[in-house]
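To start, the structure itself, in structure tokens.
Values quoted throughout were computed directly from the atomic coordinates according to the rules given, and no laboratory measurement underlies them. Treat the numbers as computed from the prediction; the structure is a model and nothing was measured. Quick reminder, even Gly has a Cβ in these numbers, built from the backbone with ideal geometry, and neighbours come from all protein chains shown.
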């Protein structure tokens, strides 16, 4: 089994769970923040929805310098849940295709992520993909789950049951 085939197993599962979470985002609370330092729910939703584009960037570029980005930054304006889901579906499909096409040598190559002279990451592409994309996505998806809970929106059971989706005998 190739590295890409192994990563695709996780990818498909995580993208399914991410879509289930995005499907529950209320449209009437894009400005909701649980704390003054928190990201607004609409912006967080769009960040989660567009993060697969970053996964594709990791897989298809030699590096990324945020001070001089070579790829456009996605629109983070929340308009509707359907627009967010469409953005997610498109980005997830492109990232999946890039991952499926990646060879073991592609995934072993070093990928540098920086902001000017400050190096954020300089590691094998497979590690950057898992750390900078997968873990980043899972972190923000969990934040979104807290926002849902605080707004009395049923939270999906992702890795097991939730209070809203318990296991049924």
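Can you tell me how much longer the chain between residue 65 and residue 142 gets when fully stretched, taken as 0.36 nm per residue apart minus their C-alpha distance, in nm with one decimal?
Result for the pair: 25.0 nm of gain on full extension.
Taking the Cα atoms of the stretch 36-111, report the difference between the largest and smallest coordinate on each principal axis, in whole Å and largest first.
Projected onto its principal axes, the Cα set of the stretch 36-111 covers 42, 27, 19 Å.
Extension gain residue 159-residue 40, at 0.36 nm per residue separation less the Cα-Cα distance, in nm?
Length gained, residue 159 through residue 40: 40.3 nm.
So for the pair residue 105, residue 151, with labels modelled 7 Å out along Cα→Cβ, what separation do we get in nm?
Placing both labels 7 Å beyond Cα along the Cβ direction yields 4.8 nm.
Given points 7 Å out from each Cα along the Cα-Cβ axis, report the residue 19 to residue 33 separation in nanometres with one decimal.
3.2
Using only Cα atoms, tell me the angle between helix 81-101 and the longest principal axis of the chain; keep it within 0 to 90° and round to the nearest 10.
So the helix axis and the longest Cα principal axis differ by about 30 degrees.
For the chain, what does -39500 (n - 2.57) per DSSP helix run (n ≥ 4), summed and divided by total residues, give at 222 nm, in deg cm²/dmol to the nearest 500?
Rounded to the nearest 500, it is -16500 deg cm²/dmol.
Could you work out the Rg to Rh ratio of the stretch 83-132, with Rh taken as the Kirkwood radius (inverse of the mean 1/r over all Cα pairs)?
1.08
What Kirkwood radius, in Å to one decimal, follows from the Cα pairs of the chain? Display every interim value, and only then the final one.
Working: mean 1/r = 0.0594 Å⁻¹.
That comes to 16.8 Å for the chain.
Please state the relative contact order of the stretch 3-150 as a whole percent: Cα pairs under 8 Å, 6+ residues apart?
Details: 188 pairs, mean separation 47.6, N = 148.
Relative contact order for the stretch 3-150 comes out at 32 percent.
What is the gain in length, in nm to one decimal, between residue 120 and residue 89 on full extension, counting 0.36 nm per residue of separation less the C-alpha to C-alpha distance?
8.4 nm
At 7 Å along the Cα-to-beta-carbon direction for both residue 81 and residue 6, put a label point, then send me their distance in nm to one decimal.
With each label point 7 Å from Cα toward Cβ, the separation is 3.7 nm.
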